Amino acid sequence: MRFGVSRTPPARQDRAARDANSNAQRQCITDYFVQKLTVIIPTHNEARNIAACLESVSWADERLVVDDFSDDGTPDIARAGGARVVEHKFQSPSSQKDFAIQQSAHPWVLSLDADERVTPELRDEIRVILAADRPADGYFIPIRSYFLGRRMRFGAWRGERKLRLFRRALTHYPERALHEAAEVKGRVGLCRGAITHYSYRTLDDCFVKMRRYAEWGAMERHRRGQRASVLRLLLHGPARFARDCILRLGLLDGTAGLILALFDASQVMLREAKLWELATRPARGCHHCKPGERRSD
């Protein structure tokens with residue numbers, strides 16, 4: 001019996017080499033036809049968030065940060081993370097994202113906020129979409145939100161989806177002071193993978209955003225000609241709390257779910273109060289907090 005190193009027959013080696021070469025050629029062709037993606041991220045003083053956000057989309061062809069002249073080092077952190085940074089004065093969430101779309105270098109755009117992260121599952125799904133022959137023109141993406149460090153599965157954020165992946169040429173953000181939403185001219189699909197959202201890390205964050213959103217919401221309604229109502233002031237807050245806690249099962253999220261429902265209801269009541277203030281004191285109103293104006297709270 002002879003012992004030695006077994007060798008692959010030359011014919012089999014040639015076949016393996018041809019297969020490897022063919023696979024490499026197919027991969028090159030696939031890479032060539034995969035459409036490219038820009039990730040847009042509007043920022044203002046997001047030093048604590050921007051690095052992790054950029055890391056979650058390190059696979060994208062372009063990462064574009066549109067910064068509202070931050071003074072906490074956000075632009076420097078973004079550049080160090082490989083992003084292209086463009087400074088642009090913030091007027092409203094909608095106009096800032098529209099500007100970012102116009103600055104994008106590639107035909108597909110993924111819109112993120114700095115406190116959001118793309119999951120590996122969504123990353124893989126987006127790659128499949130970009131390589132598809134006839135994908136839709138936009139995609140809603142589930143939002144997996146955290147409140148005070150806890151995942152919210154019920155309540156106001158239950159089943160939340162937003163249109164975040166879209167063709168640049170077919171999409172714009174209609175002007176709104178609050179809750180901006182993209183509109184796509186074309187077919188729309190739904191992704192399974194999610195965006196993770198770390199919106200409210202502390203109660204201080206809640207108070208700041210509750211005031212800001214209430215003021216922006218009041219100004220949006222005032223702009224549309226809506227008038228304040230005592231009935232809405234009395235009933236909308238309790239009705240929102242009942243909806244979030246009971247109808248949407250927010251109590252199943254525990255104490256954090258209860259606190260979130262209370263903040264949501266308080267924001268609605270404060271919005272109605274601000275709307276009344278705008279109607280009764282037009283010269284004063286909320287001039288200190290125009291939609292899109294940034295301030296220190």
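FYI, it's all coordinate maths here, none of it is from the lab. Quantities reported herein were computed from a predicted structural model and do not represent experimental measurements. All Cβ positions, glycine included, derive from the backbone under ideal geometry; neighbour counts span all protein chains shown.
Quick one: if the Förster radius is 45 Å, what FRET efficiency do residue 79 and residue 179 give, using the C-beta to C-beta distance and rounding to 0.05? Let's see the in-between values first.
Working: r = 30 Å, r/R0 = 0.67.
Computed FRET efficiency for residue 79 and residue 179 comes out at 0.90.
Please list 3J(HN,Hα) in residue order for segment 125-141, calculated via the Karplus relation 6.51 cos²θ - 1.76 cosθ + 1.60 where θ = phi - 60°; whole Hz, with x for glycine and proline.
Rounded to whole hertz, the list is 5, 5, 4, 5, 4, 5, 8, 6, 5, 9, x, 5, 8, x, 9, 6, 10.
Step through the residues of segment 37-53 one at a time and calculate ³J(HN,Hα) from phi using the Karplus curve (6.51 cos²θ - 1.76 cosθ + 1.60, θ = phi - 60°), rounding each to whole Hz and writing x for Gly and Pro.
10, 10, 9, 9, 9, x, 9, 7, 6, 10, 4, 7, 10, 5, 5, 5, 4
How much length is gained if the chain between residue 190 and residue 151 is pulled fully straight, taking 0.36 nm per residue apart and subtracting their Cα-Cα distance, in nm to one decimal? If you can, show how the numbers build up before the last one.
On the way: separation 39, 0.36 × 39 = 14.04 nm, distance 2.17 nm.
So the extension gain works out to 11.9 nm.
Would you please classify the overall shape of segment 112-261 from the alpha carbon gyration tensor, given that a ≥ b ≥ c denote the square roots of the eigenvalues, rounded means a/c under 1.5, and beyond that prolate means a/b larger than b/c while oblate covers the rest?
Values: a/c = 2.20, a/b = 1.41, b/c = 1.57.
Cα axes put segment 112-261 in the oblate bin.
Only Lys, Arg, Asp and Glu count, each charged at its Cβ (+1, +1, -1, -1), so figure out the dipole size of segment 91-195 about its Cα centre, rounded to 20 debye.
360
Roughly how many nanometres apart are two label points built 7 Å out from the Cα toward the Cβ at residue 234 and residue 102?
The answer from the label model is 4.8 nm.
Place the peptides 221-234, 167-180 in order of packing, highest mean first, counting for every residue the other Cβ atoms within 10 Å and averaging per peptide. Intermediate results must be reported in sequence, preceding the final value.
Numbers: 221-234: 13.2, 167-180: 16.6.
With the highest mean Cβ count within 10 Å placed first, the list reads 167-180, 221-234.
Along the Cα→Cβ direction, 7 angstrom out, place labels at residue 249 and residue 119. What is the inter-label distance in nm?
In this crude label model, residue 249 to residue 119 measures out at 1.7 nm.
Between Rg and the Kirkwood Rh of segment 173-213, both from Cα atoms, what is the Rg to Rh ratio?
Radius of gyration over Kirkwood radius for segment 173-213 works out to 1.10.
Semi-axes of the equivalent ellipsoid of segment 63-153: what are they in whole Å, largest first, if each equals the square root of 5 times a C-alpha gyration tensor eigenvalue?
The equivalent ellipsoid of segment 63-153 has semi-axes of 24, 20, 14 Å.
Where a ≥ b ≥ c are the square roots of the eigenvalues of the C-alpha gyration tensor, would you call segment 176-283 rounded, which needs a/c under 1.5, or, failing that, prolate if a/b is larger than b/c, or oblate?
oblate
Quote the FRET efficiency, to the nearest 0.05, computed for residue 88 versus residue 226 with a Förster distance R0 of 25 Å and r equal to the Cβ-Cβ distance.
For residue 88 and residue 226, the calculated efficiency is 0.25.
Of 207, 230, 166, which is farthest along the charge dipole of segment 144-247 in the positive direction, counting Lys and Arg as +1 and Asp and Glu as -1 at C-beta?
166
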